[in-house]
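Structure, as structure tokens:
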Amino acid sequence: MVGIWAIYDKGEFGSLRNIMLDPVYFIIAVGTLVVVVSTFGCIGTLRENIWLLTVFCCLLVALFMLEVGCGVYTFVRLNDVKSTATKWVKKAIVIYDDDLNLKNLIDYIQKEYKCCGGASYSDWEVNKYFNCSYTIPSGCGVPTSCCLRKTDVMCGYKSRIYGVTYAKHTINTSGCVDNLTLIMQQDFYIIGLIVFGIGLLEIVSILLAANVTNHVIKVRNNLTRQRNIQEQMTQFPSGFGEAL
């Protein structure tokens, strides 16, 4: 609902080219996945449907394995992940002024983590409004969210003309990818505990679903066995028991 509201508030769906860069679509995708998985689990438990519970277990196992795989890959190939993130940020910078949700996300990250651009503040050269070839006031500059003093809305203008020596007095020059990586490394144990807690909940959910599935199978097998016994008893003649 949050993602749908954000698209409605923005007033447009955007082009297909920008879908992978728009955070709203990511929120919608995650929310849809959670609803689908939860629906299988809830209905399967209430209706004691073995097929739905099996699908629920399989989806949880797949999500758990995907999370573990992503975590291991990030730890082993950190440089590749950083390179991919930097490329994503540069693509996002290109359409910075065309997507309100993306603009707000980039501004929030740059303000919150005191950074500018992906690899460095020079990444803003790829944006047509901050390109040094433009003679407009914002040309060869950066957004206000990069500024050291947020109250000066024009501090980012022309800030890249004289190089990093001049720029570092008015704007943050370090890239957001490196800053976020450093913060994650500093808070490694906290992030690890959060990830462990999420993984533990998923494992417990898998075990509970498997237990419910086994219970339903046992109950149905018992009912089937009792029904077979009753059917066999009805096949004997009515006086057979008395004759014995």
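Annotations for the structure displayed:
- Index of the failed condition, LYS114 passing every other in (1) in a helix (DSSP H, G or I); (2) open to solvent by 50 Å² or more (accessible area, probe 1.4 Å): (1)
- Taking (1) of a type in the set (A, V, I, L, M); (2) modelled with pLDDT under 90; (3) within 29 Å of the chain's Cα centre (by Cα) in turn, VAL164 satisfies each apart from (3).
A quick yes/no check of all residues on (1) charged (D, E, K, R); (2) open to solvent by less than 60 Å² (accessible area, probe 1.4 Å); (3) touching a Pro at 6+ places or on another chain (Cβ under 7 Å):
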{"site": "LEU63", "(1), (2), (3)": "no, yes, no"}
{"site": "VAL72", "(1), (2), (3)": "no, no, no"}
{"site": "ARG77", "(1), (2), (3)": "yes, no, no"}
{"site": "LYS82", "(1), (2), (3)": "yes, yes, no"}
{"site": "LYS90", "(1), (2), (3)": "yes, no, no"}
{"site": "TYR121", "(1), (2), (3)": "no, yes, no"}
{"site": "TRP124", "(1), (2), (3)": "no, yes, no"}
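- Set THR54, THR32: member being in a helix (DSSP H, G or I) and either farther than 28 Å from MET184 by Cα or among the basic types (Lys, Arg) (or both): THR54
- Of all residues in the stretch 92-109 being in contact with an Asp or Glu (Cβ under 8 Å, 6 or more places away or on another chain) and touching a residue at least 40 places away in the same chain (Cβ under 8 Å), the one that is most open to solvent (accessible area, probe 1.4 Å): ASN101
- Annotation note: Cβ proximity below 8 Å between a residue of the stretch 182-209 that is without any contact (Cβ under 8 Å) to a residue 12 or more places away in the chain and a residue that is open to solvent by 100 Å² or more (accessible area, probe 1.4 Å) and in a helix (DSSP H, G or I) (sequence gap 6+ or interchain) occurs for ILE191/MET184.
- Residue match in the stretch 203-214 (condition: modelled with pLDDT of 85 or more, open to solvent by 70 Å² or more (accessible area, probe 1.4 Å) and more than 35 Å from the chain's Cα centre (by Cα)): no
- Subset of the stretch 30-40 (residues that are more than 16 Å from THR54 (Cβ to Cβ) and either basic (Lys, Arg) or open to solvent by less than 60 Å² (accessible area, probe 1.4 Å) (or both)): GLY31
- When restricted to residues that are open to solvent by less than 90 Å² (accessible area, probe 1.4 Å) and assigned to a loop (DSSP other than H, G, I, E, B), the stretch 161-198 contains 7.
- Enumeration of residues in the stretch 107-161 that are at pLDDT 85 or above, basic (Lys, Arg) and under 23 Å from ILE183 (Cα atoms): LYS111, LYS114
The values are calculated or read from the model by the stated rules, or taken from the named source; none is laboratory data. Predicted, not measured: the structure shown is a model, and the values here were computed from it. Cβ atoms come from the backbone with ideal geometry, glycine included; neighbour counts cover every protein chain shown. Surface accessibility is based on the protein's heavy atoms, side chains included, excluding ligands, DNA and RNA. Shrake-Rupley method; radii C 1.70, N 1.55, O 1.52, S 1.80 Å.
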